[in-house]
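Asker: Take a look at the following structure, please.
The values are calculated or read from the model by the stated rules, or taken from the named source; none is laboratory data. Note that the structure is a prediction, hence the values are computed from the model and not measured. Glycine also receives a Cβ, built like all others from the backbone with ideal geometry; neighbour counts cover every protein chain displayed. Areas reflect the complete protein model, heavy atoms only, side chains present, ligands, DNA and RNA absent. Shrake-Rupley method; radii C 1.70, N 1.55, O 1.52, S 1.80 Å.
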Amino acid sequence: MTGHELIALAFALSNALRLVSYAPQIWRVARDRSGAQAISCLTWNLWIAANATTALYAWTQLHDLALTVINAGNAL
């Protein structure tokens, strides 16, 4: 396995773990009856926008399907 492949694997694994790590927070926010006041909607919307624009950049400029799919999935 080349260095580039190891980096790509580390990127994919860290992204998968990151998404899994957010699941408990998303679950708690969804169930919070007080409106989840401690959650910053601006922060989450910026996170979504950054992932969505990275997906668009990867698709239109880099023509990198894997990077596009990963970031689109993160945005969703």
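Asker: Working only within the range 34-54, note down all residues that are at pLDDT 90 or above, of a type in the set (A, V, I, L, M, F, W, C) and closer than 17 Å to Ser14 by Cβ.
Answerer: Within the range 34-54, just Ala50 meets the criteria.
Asker: Something else about it: Quickly run through the range 23-46 and pick out the residues that are open to solvent by less than 60 Å² (accessible area, probe 1.4 Å) and closer than 17 Å to Asn71 by Cβ.
Answerer: Residues satisfying the conditions do not exist here.
Asker: What pairs can you find where one residue is in the range 51-74 and in contact (Cβ under 8 Å) with a residue 40 or more places away in the chain, the other is open to solvent by 40 Å² or more (accessible area, probe 1.4 Å) and of a type in the set (D, E, K, R), and their Cβ atoms are less than 9 Å apart, with a gap of 6+ or different chains?
Answerer: Asn74/Arg18
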